[in-house]
Amino acid sequence: MNPHRTITRFAATALVTLAYVALSAASVGCGGGNDTTSSSTTTVVAAFTPDTPTAADGSITLLPGTTSGGSVNVRVTVTQMANFFGAAFRIKYDATALLFQGPMDTSTSFLPVGITDPAQLSFVSNSQISPGEIVITATRIFPAVPVPLVSTTSDLVILNFVARRSIPAGAVEGRLDFADPKDACNGSVFPCGPITVTAWKGGGVSAQ
């Protein structure tokens, strides 16, 4: 069994899409996609309110990042997980209210720590597969070893959204939620077994 292809299979299975069957050395690095429709001019000020302001142990949680006018950064965070190797998941949103500005930001990600070979990392985002949905893979690739312990709430990736219009606080059109299928990978188990995630927590964007 080829361990490199095992990680490829993990991402493809978790996302149930042929788009990631080809995830290999040729596609490693910063991949991505963004909405094709441009945002309209807006003077609103956006904010992100998480469902859980303090991330629980074992969770993957959306938390607020920086904001600038109608643009808001949303942090995908991991808290208290051992032997974290990677994750594959989807974020759903209302594309009539929010514009995803890809590619995602990986500059603060804990995943590259200790990695010297870029070929051992893959960050891929695609918002073109289904309207209002971002398909994301963020993983190490064999022969990289897993992160021994993500002890504090740490960034996996950061997503940027721009409000297309005014969005009341708590409105459904501002929701950002994890959608199935979603999975995280335990790199201490061959071939890369699942990590038990206690919760996948989203939140909501408002723009006033």
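The values are calculated or read from the model by the stated rules, or taken from the named source; none is laboratory data. This is a predicted model, so every value here is computed, not measured. Cβ sites come from the backbone with ideal geometry, for glycine too, and all protein chains shown count toward neighbours.
Give me a count of the residues in the stretch 115-164 that are crowded, with 16+ Cβ neighbours inside 10 Å, more than 16 Å from the chain's Cα centre (by Cα), farther than 18 Å from V78 by Cα and not β-branched (V, I, T).
Count: 5.
So in the stretch 92-114, with the set limited to residues that are touching a residue at least 60 places away in the same chain (Cβ under 8 Å) and among the aliphatic types (A, V, I, L, M), which one is surrounded by the fewest Cβ atoms within 10 Å (Cβ to Cβ)?
Looking at the filtered set, the residue picked out is A95.
Taking the stretch 145-183, which residues are of a type outside the set (D, E, K, R), part of a strand (DSSP E or B) and closer than 15 Å to L62 by Cα?
S154, L156, V157, I158, L159, N160, F161, L176, F178, A179, listed by residue number.
If I filter the stretch 70-83 for residues that are at positive phi and outside any loop (DSSP other than H, G, I, E, B), do I get at least one hit? Reasoning before the result, please.
Initial filter on the stretch 70-83 (at positive phi): 80, 83.
Within this subset, residues satisfying the condition of being outside any loop (DSSP other than H, G, I, E, B) are 83.
Yes; the residues of the stretch 70-83 include at least one that is at positive phi and outside any loop (DSSP other than H, G, I, E, B).
Out of (1) modelled with pLDDT under 95; (2) in a strand (DSSP E or B), the odd one out for A26 is which?
(2)
Would you confirm, using the coordinates I've provided, whether G70 is surrounded by 24 or more Cβ atoms within 10 Å (Cβ to Cβ), within 14 Å of F48 (Cα to Cα) and of a type outside the set (V, I, T)?
The answer is yes for G70.
One residue is enough: does the stretch 80-91 have a residue meeting the conditions closer than 17 Å to T49 by Cβ and not charged (D, E, K, R)?
Checked the stretch 80-91: at least one residue is closer than 17 Å to T49 by Cβ and not charged (D, E, K, R).
Suppose we keep only residues that are assigned to a strand (DSSP E or B) and of a type in the set (G, A, S) within the stretch 189-203. Which one would you say is modelled with the lowest pLDDT? Give the steps one after another, and end with the answer.
We begin by selecting, within the stretch 189-203, every residue assigned to a strand (DSSP E or B); these are 193-194, 199-201, 203.
Among the residues that remain, those that are also of a type in the set (G, A, S) are: 193, 199, 203.
Values: G193: 88, A199: 98, G203: 98.
Of everything passing the filter in the stretch 189-203, G193 is modelled with the lowest pLDDT.
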